[in-house]
Amino acid sequence: MSFEEKLAKLRELYTEQNLLTGIGALLGWDQQVYMPSGGAETRGAQMAYIGGLAHQKATAPEVGQLIDDLAAEIPDLDADDDLAREIKLAKRNFDHSAKIPTDKMMEFIRVTSLAHEAWTKAKTDSDFAVFQPHLEKILDLTKEMVSFFAPYDHPYDPLIDMYEVGMTAAEVKSIFDALRPRQVELLRRIAEKPQVDDSFAHTEYDIETQKKLNNYLATLQGYDWNRGRLDETVHPFTTGFGLDDVRITTHYYLNMPLSAIFSTLHETGHALYEQGLSRAYHNTALGGTNSMAVHESNSRLWENVIGRSKEFWRFLYPIAQAFFPANLGNVSSDQFYRGINKVTPSFIRIEADEATYNLHIMLRLELELAMIEDKIQVKDLPELWMSKMKEYLGVTPPDDARGVLQDVHWSGGMIGYFPTYALGNLLAVQWWNQMLSDLPNIPDEMAAGKLDSILTWLRENVHRHSSRYTAQELVRKVTGEGINPDYYMNYLTKKYTEIYDL
Ligand code: ZN
């Protein structure tokens, strides 16, 4: 076979992988949106079958041979050339997947699929005991998976690498260590000041009208409805079954309209990224995404940096008032802006303000590290959660539903994911600073309801690169430096100095 024929064969394999993972994702979407709880066992078997098939095909010895041949025969190219990167990434993906036996992968999918049902019930009833045996099984399997990746500096390294290619526990810890004291200090200064009034956000907002407003928001952001849809779930998420079907979900609460608004802005941010991935790289190793931090930087940028900004609401607030005249008619735009930026230590991560959010992540990282290092047991988690919340945020959740059971991630076996949210926050502000320096008119455009320059900039600088760069490579390419917490801290300090008169 010629080099070109081998390359075509590799891309055929990636095309097939995309078909299988897309089908698997569709099963997962249905599980979280429509499936009756009785279907859990069968769905677990279906998802494990598809996932196992994909894994088996991706890790067949002849695929490894094919990639090795390509690497040996590749013409002399610059290391940054598309083809050089494609083969290098295919090799990385193969080596990574081939470390895990297919039957282990299938077991993991089956176990996490059932755990999702148990978690839903445990969260609804605030009963950790229902979820505990599932999480124990997941943790055992996770540790076994980690062992396949030895040697490593830290057993958490292979886990974070699944969501953040190339990132290590030491790197994350050093970024968080630089961030933590500054976040705590900012919080302390804010707590000394009179609190802002957000009582308007706790009256009853008609759900059907909320739905209309949320649809409007996604449209305003530039979401392509012809290639997506918005549904409701317990825990909002975004999923894609290919470039042309990228779906978002949100959750409506009668007394908390801001929850759906910021969830929708967030998930649409994810979806815009997926809808903007390169078509040229699709069905190659460079397609898709390989950094959840970059993914979360898109969602957190839309949710917070844009979605909680004065300029954004200068345009949107009169529209929101027209949707909810009884709730917002007598609330000034200034009060609204301060209210949606209220800083208050809270129990729930996804409802957290920008000043406290990363502390929720640091708490989870600490617990995940302790679990992986065998320093704590699953049964101790509820109590540890409570004491860490007290230590980090000064509040104690009234029950496990608002404590250790609040997030879906562990039920899905996603130990190693949480740090990407905090990294995403940092990247979001780094993108924003660069964008404003490239396009200084953006704040004025936002105030006029024009968001297309933002999306165009993101498409050009971030989205279209798909998996071509790691997060650290991409931020260097776009902004000239690596992930740097200074920008985030400066952004927070400036914003809250004005709101809280620090
Ligand atoms: Zn997200």
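The values are calculated or read from the model by the stated rules, or taken from the named source; none is laboratory data. Keep in mind that what you see is a predicted model, and the values were worked out from it rather than measured. With ideal geometry, Cβ positions are generated from the backbone for all residues, glycine too; neighbour counts draw on all protein chains shown.
Has the range 313-321 got at least one residue that is within 16 Å of the ligand (Cβ to nearest atom) and either under 13 Å from the mean Cα position of the chain (by Cα) or of a type in the set (Val, Ile, Thr) (or both)? Lay out the reasoning, then the answer.
Narrowing the range 313-321 to residues within 16 Å of the ligand (Cβ to nearest atom): none.
The answer is no, given that none of the residues of the range 313-321 is within 16 Å of the ligand (Cβ to nearest atom) and either under 13 Å from the mean Cα position of the chain (by Cα) or of a type in the set (Val, Ile, Thr) (or both).
Taking the range 278-300 as the search range and keeping residues that are aliphatic (A, V, I, L, M) and more than 16 Å from the ligand (Cβ to nearest atom), which one is surrounded by the fewest Cβ atoms within 10 Å (Cβ to Cβ)? I'd like the intermediate steps shown before the answer.
The initial filter retains those residues of the range 278-300 that are aliphatic (A, V, I, L, M), namely 280, 285-286, 292-294.
Those left that are additionally more than 16 Å from the ligand (Cβ to nearest atom): 280, 285-286.
Values: 280: 12, 285: 26, 286: 24.
My answer is 280.
Which residue pairs have Cβ atoms under 7 Å apart, sit 6 or more places apart or on different chains, and have a first residue in the range 230-243 that is hydroxyl-bearing (Ser, Thr, Tyr) and a second that is away from the ligand (no atom under 15 Å from the Cβ)? Close Cβ pairs satisfying both conditions: 233/33; 239/25; 239/28; 239/29.
Table: residues versus (1) modelled with pLDDT of 95 or more; (2) more than 16 Å from the ligand (Cβ to nearest atom).
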{"site": "206", "(1), (2)": "yes, yes"}
{"site": "210", "(1), (2)": "yes, yes"}
{"site": "216", "(1), (2)": "yes, yes"}
{"site": "242", "(1), (2)": "no, yes"}
{"site": "248", "(1), (2)": "yes, no"}
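Determine whether the range 397-416 contains at least one residue that is farther than 18 Å from residue 179 by Cβ, β-branched (Val, Ile, Thr) and within 16 Å of the ligand (Cβ to nearest atom). The answer is yes; a qualifying residue exists. Which of the residues belonging to the range 423-482 are surrounded by fewer than 16 Cβ atoms within 10 Å (Cβ to Cβ) and assigned to a loop (DSSP other than H, G, I, E, B)? 439, 440, 441, 448, 449, 450, 480, 481, 482, listed by residue number.
Does residue 303 count as crowded, with 19+ Cβ neighbours inside 10 Å, in contact (Cβ under 8 Å) with a residue 24 or more places away in the chain, within 16 Å of the ligand (Cβ to nearest atom) and not in a helix (DSSP H, G or I)? Reasoning before the result, please.
Details: crowded, with 19+ Cβ neighbours inside 10 Å: yes; in contact (Cβ under 8 Å) with a residue 24 or more places away in the chain: yes; within 16 Å of the ligand (Cβ to nearest atom): yes; not in a helix (DSSP H, G or I): no.
Here the answer is no, as residue 303 does not meet what is asked.
Scan the range 53-67 and tell me whether some residue there is under 18 Å from residue 240 (Cα atoms) and surrounded by 20 or more Cβ atoms within 10 Å (Cβ to Cβ).
Step one: of the range 53-67, the residues under 18 Å from residue 240 (Cα atoms) are 54.
Now narrow it down to the ones that are surrounded by 20 or more Cβ atoms within 10 Å (Cβ to Cβ): 54.
Yes, because at least one residue in the range 53-67 is under 18 Å from residue 240 (Cα atoms) and surrounded by 20 or more Cβ atoms within 10 Å (Cβ to Cβ).
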